[in-house]
1. Being in contact with a Gly (Cβ under 7 Å, 6 or more places away or on another chain) and surrounded by fewer than 23 Cβ atoms within 10 Å (Cβ to Cβ) narrows it down to one of Leu318, Leu363, Leu380, so name that one.
2. Which residue out of Ala346, Ala291, Ala331 is assigned to a helix (DSSP H, G or I), out of contact with any Ser or Thr (no Cβ under 9 Å at 6 or more places or on another chain) and aliphatic (A, V, I, L, M)?
3. Taking the criterion of being crowded, with 18+ Cβ neighbours inside 10 Å, within 30 Å of Leu376 (Cα to Cα) and of a type outside the set (Phe, Trp, Tyr), would at least one residue in the range 172-179 satisfy it?
4. Return the pair list, or none, for Cβ contacts closer than 8 Å from residues in the range 619-640 that are closer than 17 Å to Ile592 by Cα and charged (D, E, K, R) to residues that are open to solvent by less than 40 Å² (accessible area, probe 1.4 Å) and in a loop (DSSP other than H, G, I, E, B), at least 6 apart or on different chains.
5. Do we find a residue being in a loop (DSSP other than H, G, I, E, B), open to solvent by less than 60 Å² (accessible area, probe 1.4 Å) and modelled with pLDDT under 95 anywhere in the range 576-585?
6. Give just the number: which of (1) of a type outside the set (Lys, Arg); (2) over 23 Å from Glu675 (Cβ atoms); (3) surrounded by 14 or more Cβ atoms within 10 Å (Cβ to Cβ); (4) modelled with pLDDT of 90 or more does Ala835 not satisfy?
7. Being out of contact with any strand residue (DSSP E or B) (no Cβ under 8 Å at 6 or more places or on another chain), of a type in the set (Gly, Ala, Ser) and crowded, with 23+ Cβ neighbours inside 10 Å narrows it down to one residue among Gly608, Gly593, Gly572, Gly598; which is it?
8. I need a count of the residues in the range 357-367 that are among the aliphatic types (A, V, I, L, M) and more than 17 Å from Arg385 (Cβ to Cβ).
Amino acid sequence: MTQPEASGRDDEDGGLLSICALLRWFDRALLRALSERDDDEVEILLASDLVEPIAEMTGAWRLRDDSRANALERLRAERPTDELTWQTRIFEHFLREARASAAAEEVCLAHFGELFRLLAAREAWHTLAQHIAEIRAAAPRQPGNLDRLQFYEGFIAIRTQSYADGEARMLALLEQDRLEPGLRVQVLNALGQSHWFQTSYDRALSFYEQVDALAREIADRNYQMFALANMGMIYSEIGYYDKALDLTMRSLVIVRELGERSNLARTLYHIGNYAMLLGRWQLAQTYFHEAIALYQALRLQSGLVYLYWGQGFLYHMLGDEGQSEAAYLRAIAALPDQEQEQLGSAMDTWLHLGFLYQTQGRLDEALVAFDRAAVLAGRLGSQHRLSQIDYRRGNVFERQGRLDAAMDAYRAAIERIEALRGATRAEEIKIGLLGTVQQIFESTVLLCLACGRSELALEYVERARSRAFLDMLADKHPDLHDGVAQPVVTLAELQAALPAGALLVEYYTAGVLPRGEALINMIPAENARLREHLALPPQVIGFAVTRDRLEVFRPKIDPNTLRPQPNDPDPGRRLLRDRLLTHLHDQLIAPIGHLLAGCRQFYVIPHGPLHYVPFMALRSAAGAHLLDTGGPALALAPSATILLRSCLGRRPGQGQEYWALGYNDEGDEALRYAEAEAGHVARLLGGRAWAGPAPKSALLSEFGRRARWLHIAGHAIYDPHDPLGSALRLGAGDSLSARAIMGQLELGADLVTLSACTSGVNRVVPGDEQLGLPRALLVAGVPAVVCTLWEAFDLTALLVMDRFYRDLRRGRPPAEALRDAQVALREMTGRDLQATLERWRADDPAFVAALGALPDVPPESLDVRIYADPLYWAPFMLIGRPD
């Protein structure tokens, strides 16, 4: 039996008061048994105003609330390890009596719950397992107590990596109708931890959201705090550090309110960690120092391991490599003898110590550290960490000139991350995972090219950008996907599918840095060699593919110069500067000019910031436009795989109807011509128009598969903070978001045209995943989408659509029809505009009446190309199948 430390009088060390504060009730016999004090000391306490009798229990007392609070505060502040000592003794006392009565059994389990909390904070799983075995041996009978024991056993199983056993115990508990809410919230939290440790992040978040909801419902502030903190840790692992910091700062408010210092210490550490990963060095240092002082006061060695690791990482970022190594070694020295109890902290410490050695050129030592980290990650089952370790090993092998070993390591890292993303369903998690490992793909592509393996480099480019998209297609449209076992298109497949006279250029960017607050942007300039290991040199690579050849070229462009500002609603429009357009043409198009000669279809697959390049507006220094009559028809695509499997390879839809939807909107944002445009397009196609403020999204959900061509005129609202929240306004109070399109619509249309402002704007996140309306429509089954890269003017959109649909009705392929419509607008003179307006008056008087007052063309503009500026004609683009 554990004995309390030798102690003097109550007013000197608080021993007797501490015991009373930890007990729910006490009598003379209990105090004598636990404290080993003489009768006089016990009687003095019982006669004092610190205690009060319990009316329903003869001869029993408890501390008054204020006395208890003061005693606990003093105990935890001055002698934190005594709480564990006393709780152990109290538990063991009631354990001896648990066989005798149900009441003693209940008290025993109640005190074990407190003991469990203290030992779990120290990750003392072996000790806890021994105590549980002792309780089982006492043959408890109360159903609620048996449930709690099963929870404790399941929790320990999860924390010692016996995940299947732990989850089975927890799920069996959830099936119990009798399970009381306080225990249910703990079970849900434990399941969240199990899935988190196994890097099943979306399932973990789902459980933590349930914890948060139930904790709010039953007013359990403790588990509400845990839910927020745990969600923060998951978001940190997948690179959303600002979100992690926000959630954890919210949990800090609750922690300070509850006053539990071990939880406070952990929360302070996590805040310091997230602040560090955002490059907020001073904030990180402040929270680390406070956390270290608290862990030392509490004598929680397990927490100090994390803190020393955090300090090591922070010193490395700031360039103090000596202090960094010393902090990592302190963390390793602080690990418990049984490493099993702190696998996660040991793994991270060895991983980052290896990275420090790597940046110092101590390559053999780095590999030793990475090997230690890999063993621990394997025992934890953390595929995410193993992918990071494989990547760092590959870096070292490459610097040692061991290129085959480097390729094997990079390949292993990619296979692990693809397996993780294929197993998760939440898109945000897929994107986050890819964002945290984008450099793995960049390094692999560059190594392939350095080894002269261009075809393999192109394969990894596709794997880098396509997998999350394909996962969703496999879930939602298995008929559009050739099978998950073959996730990306091969060069041979691509060349076989390209039509004669077609050219495909796939661009790839590396070394693109995030804008704004991010760790790499905050690293001091003098810490150059760390920067070298955290980001590759910025560059663009082009892969030009025809039916019989593959050429690789390297444009001299820093892709970072093309990054949009975080809140820019028209990121492509700012690139419409003459010198920039010719420079982009010179670098992106001119090197493959010999392949464009005689080309009929030109497929462009941008990457990273190149998604914001207005390719339709590019022209040579001599003034030759890429987009011109007789030139190639342009089609953009998210990836070669999506182009081939979801666009070119899609069977024609079954729809036979032509629909046009229009809504002018109201107030200051009202459009003039959207509703009239919908009516005009419907009449051109012999189809049906739905215009005005009436809701229309329900029509698409119910009857969307009937449409062959679908035209939508109106506002498209782009949300840079939540791109999947970007939406089409279809009526008064009726919006259709990208998220809803992907999740709810089943469209059979061969073509959807979004004649809507900013309809084609996507957010490009790390890994080249695109989030926005065009992507949503491709997921919903549409092989071709016409949209705009920036806000188009009402009348010019009308002019382009009029010409576009007239050519479509004549049988022209969509990409050619759009090209000629844009060129016609670019070449249109004032006299041509007058002629078009007269034709409208003659052919469609209802349309002209709906338009209201049409613009007058002044005499001086009759022979002037009034829409020659690419601002008017270049925003329109086709994504997907061109014919």
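The values are calculated or read from the model by the stated rules, or taken from the named source; none is laboratory data. Computed from a predicted model, the values in this text were never measured in an experiment. FYI the Cβ positions are ideal-geometry reconstructions off the backbone, even for glycines, and counts take in every protein chain you see. Note: accessible area is taken over every heavy atom of the protein model, side chains too, but ligands, DNA and RNA are not part of it. Shrake-Rupley method; radii C 1.70, N 1.55, O 1.52, S 1.80 Å.
1. Leu380
2. Result of the check over Ala346, Ala291, Ala331: Ala346.
3. For the range 172-179, residues crowded, with 18+ Cβ neighbours inside 10 Å, within 30 Å of Leu376 (Cα to Cα) and of a type outside the set (Phe, Trp, Tyr): absent.
4. Correct list of pairs: Arg619/Leu626.
5. Of the residues in the range 576-585, the ones in a loop (DSSP other than H, G, I, E, B) are 576-577.
Restricting the remaining residues to those that are open to solvent by less than 60 Å² (accessible area, probe 1.4 Å) gives 576.
When the remaining residues are screened for being modelled with pLDDT under 95, the result is 576.
There is at least one residue in the range 576-585 that is in a loop (DSSP other than H, G, I, E, B), open to solvent by less than 60 Å² (accessible area, probe 1.4 Å) and modelled with pLDDT under 95.
6. Looking at each condition in turn, Ala835 falls short on (3).
7. Gly572
8. Number of matching residues: 1.
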